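*Asks:* A single structure is presented below for examination.
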Amino acid sequence: MRAAVVREWGKPLVIEEVPPPHAGAGDVRVRLRVSGVCHSDVHQWKGGWPAERAVMESLGIRILGHEGVGVVDELGAGVTRVRIGDRVGVPWMNSWCGSCDVCLTGYPQWCPNSRTTSVSVNGTFAELATVSERAAVAIPASMDDADAAPLMCAGVTAYGAVRRLASELRMPPGKIVAVVGGAGGLGHYAIQIARALGYRVAGVDVGPERVQFMATLGAEWAFDVSEAKAEIRKLGGADASLVFTPKIAGYELALKVTRLVGGVVAVGIPDPSEGPLPVTPSSLITHGTRVIPTSVGVTHEFDELFRLYDRGLVQGHLARRGTLDDLSRTLQDMAEAKYVGRAVVAL
Ligand SMILES: [Zn+2]
Ligand SMILES: [Zn+2]
């Protein structure tokens, strides 16, 4: 099969023929049509996440991508629910065990027996990929391949983050949510989802183009990062902040604008070279700040997100449609923040 292969970290991907994967027990093989391109692909491509890089090197994983959509063409042993010809998504969570205490308490994203697409299983920048039957996402017939692909990671991660306002922070509609990085690949979904769920949204991003973009998405307030602290404090502070910006500075801003006994939902992953977040236990305790981590999403969260999508409450902003041949350029442009919205590649 044809695939975009990482031969050297951070160097252009090499388009080559590689042996096709086959579906192991409990897995299905998907003939991919489209894959989204995620900011995590940039980090992985550059070898910037040491833990993921070590797993990739030890297992010989060389194909990135974790927002695949295609049609099932091979079933592994024991598959009962998914059928040949089903249109499914291949998300970041490639499998989880479903029976450990982490899975059983409702957080399979943290399952210690899980596999991850593009880290421990080859990814979706290829003609074929495999995914467990459990993790394969059924795509509604009404949804285009290119619209569905970015929901497999960016959309569902944004949904999961907003969902935590209710599930973990018990925040009712009408409260103010700061979305830090609101014009980005995840943030632009989060603004729409938060609004759809009844929250009042203060978007924060960098530069007039991105501030304007957040306003068009339905943010009640859209601030440049330079004015965000003062302006959000004028509103009385945010009841919660969602941090999508993969920068320590984004977390520092969130801690400063969040009200007493508010919440900070952690999504964006700064490069480890930025060092730790400078926060003291006493400041967390004094302010009563609850810090909630979140990571991607799983089956029922996809279903909930699709319902919002189906009602026209959430739309992706597709900035680019490319192919494997121009994928390296897209990754480089994404690293330099040269476009707003999501990119997809046809396979
Ligand atoms: Zn992703
Ligand atoms: Zn598990």
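The values are calculated or read from the model by the stated rules, or taken from the named source; none is laboratory data. Owing to the predicted nature of the structure, the values given are computational and were not obtained by experimental measurement. Heads up, the Cβs are rebuilt from the backbone with ideal geometry, glycines too, and the neighbour counts pull from every protein chain shown. Side chains included, ligands, DNA and RNA excluded: accessible areas come from the protein's heavy atoms. Shrake-Rupley method; radii C 1.70, N 1.55, O 1.52, S 1.80 Å.
*Asks:* For the range 157-293, calculate the relative contact order in percent as a whole number, restricting contacts to Cα pairs under 8 Å that are 6 or more residues apart. The partial results should precede the final answer.
*Replies:* Details: 274 pairs, mean separation 29.9, N = 137.
Computed over the range 157-293, the figure is 22 percent.
*Asks:* When the scattering of the chain is computed by the Debye formula from its Cα atoms alone, each counted once and equally, what is log10 I(q)/I(0) at q = 0.06, 0.09 Å⁻¹?
*Replies:* -0.20, -0.46
*Asks:* Which one of VAL177, SER295, VAL90 is farthest out on the positive end of the charge dipole of the chain, using unit charges on Cβ (Lys, Arg +1; Asp, Glu -1) and the Cα centre as origin?
*Replies:* Going by the charge dipole, the pick is VAL177.
*Asks:* A further question on this structure: Only helical DSSP H runs with n ≥ 4 go in: add -39500 (n - 2.57) per run for the chain, normalise by residue count and round the 222 nm mean residue ellipticity to 500 deg cm²/dmol. Show your work: numbers first, answer last.
*Replies:* Details: 12 runs with 106 residues, N = 347.
For the chain, the value works out to -8500 deg cm²/dmol.
*Asks:* Hey, any idea what the orientation-averaged projected area of the convex hull of the range 100-218's Cα atoms comes to, in nm²? Please list the in-between numbers first.
*Replies:* Working: hull surface 38.3 nm².
One quarter of the hull surface, i.e. the mean projection, equals 9.6 nm².
*Asks:* In the neighborhood of GLN332, defined by Cβ-to-Cβ distances under 15 Å, what is the net charge if each Lys or Arg adds +1 and each Asp or Glu adds -1? Each step should come with its number before you reach the end.
*Replies:* Numbers: positive: LYS11, LYS46, ARG320, ARG329, LYS338; negative: GLU8, ASP41, ASP325, ASP326, ASP333, GLU336.
The answer is -1.
*Asks:* What's the angle, to the nearest 10 degrees (0 to 90), between helix 248-257's Cα axis and the longest principal axis of the chain?
*Replies:* 40 degrees
*Asks:* To continue, here is another question. Per residue of the range 330-347, in order, report the coupling 6.51 cos²θ - 1.76 cosθ + 1.60 (Karplus, θ = phi - 60°) as ³J(HN,Hα) in whole Hz, putting x for Gly and Pro.
*Replies:* 4, 4, 5, 5, 5, 4, 9, 6, 7, 9, 10, x, 10, 10, 10, 10, 7, 10
*Asks:* Can you send over the carbon and sulfur percentage of the accessible area for the chain, probe radius 1.4 Å, protein chains only? Can you show the working numbers first?
*Replies:* Values: 7650 of 14580 Å².
Answer for the chain: carbon and sulfur cover 52 percent of the accessible area.
*Asks:* For the range 71-91 and the range 117-164, what is the centre-to-centre distance using only Cα atoms, to the nearest Å?
*Replies:* Result: 14 Å between the Cα centres.
*Asks:* Moving on to the next point. Specify whether the C-alpha gyration tensor of the range 39-166 places it in the rounded, prolate or oblate class, a ≥ b ≥ c being the square roots of the eigenvalues: rounded for a/c under 1.5, otherwise prolate if a/b is larger than b/c and oblate if not. Numbers along the way, then the final one.
*Replies:* Values: a/c = 1.22, a/b = 1.13, b/c = 1.08.
It is rounded, given that a/c, with a ≥ b ≥ c, falls under 1.5.
*Asks:* With a 10 Å cut-off between alpha carbons and a GNM built on the chain, which of GLY288, GLY47, GLY187 moves the most?
*Replies:* GLY288
*Asks:* Would you please give the residues with an amide H less than 5 Å from that of GLY47, counting only those at least 5 places away or on a separate chain, with H modeled from the backbone geometry?
*Replies:* Sorted by chain and number, the residues that satisfy this are GLY10.
*Asks:* Still on this model: So if I place +1 on the C-beta of Lys and Arg and -1 on the C-beta of Asp and Glu, and nothing else carries charge, what would the dipole magnitude of the range 89-225 be about its Cα centre? I want it in debye, nearest 20. Please list the in-between numbers first.
*Replies:* Values: 9 positive and 11 negative charges, 106 e Å.
Computed about the Cα centre, the dipole is about 500 debye.
*Asks:* Also, I was wondering about something else. Relative to the Cα centre, what is the charge dipole magnitude of the range 157-293, using +1 at the beta carbon of each Lys and Arg, -1 at the beta carbon of each Asp and Glu, and rounding to the nearest 20 debye?
*Replies:* Working: 14 positive and 11 negative charges, 104 e Å.
So the magnitude is around 500 debye.
*Asks:* Can you list the HN-Hα couplings for the range 178-187, worked out from phi with the Karplus curve (6.51, -1.76, 1.60; θ = phi - 60°), rounded to whole Hz and with x for Gly and Pro?
*Replies:* So the Karplus estimates, Gly and Pro as x, are 8, 10, 8, x, x, 9, x, x, 9, x Hz.
*Asks:* Roughly how many whole Å is it from the C-alpha centroid of the range 1-21 to that of the range 224-271?
*Replies:* Each part's Cα centre sits 39 Å from the other's.
*Asks:* For the range 132-171, what size does the Cα cloud have along each of its three principal axes, sorted from largest down, in whole Å?
*Replies:* Between the extreme Cα coordinates on each principal axis of the range 132-171 lie 34, 22, 16 Å.
*Asks:* Three principal axis extents, largest first, for the C-alpha atoms of the range 221-300, in Å?
*Replies:* Reported extents, whole Å, longest axis first: 37, 32, 31.
*Asks:* Let me ask something additional. Which residue, chosen from GLY48, VAL121, TYR189, occupies the Cα position most advanced towards the positive end of the dipole of the chain, where the dipole is computed from +1 (Lys, Arg) and -1 (Asp, Glu) charges on Cβ about the Cα centre?
*Replies:* Result: TYR189, furthest along the dipole toward the positive end.
*Asks:* I would also like to ask the following. Percent of Cα-Cα pairs per 5 Å bin, from 0 to the last occupied bin, for the range 157-293, please list those.
*Replies:* 2, 12, 24, 26, 22, 11, 4, 0
*Asks:* Once the dipole of the range 172-317 is set up with Lys and Arg at +1 and Asp and Glu at -1 on Cβ about the Cα centre, which of PRO246, GLY316, VAL211 lies farthest towards its positive end?
*Replies:* VAL211
*Asks:* Compute the distance in nm between two label points, each set 7 Å from the Cα along the Cα-to-Cβ direction, one at HIS287 and one at LEU313.
*Replies:* Here the answer is 3.0 nm between the modelled labels.
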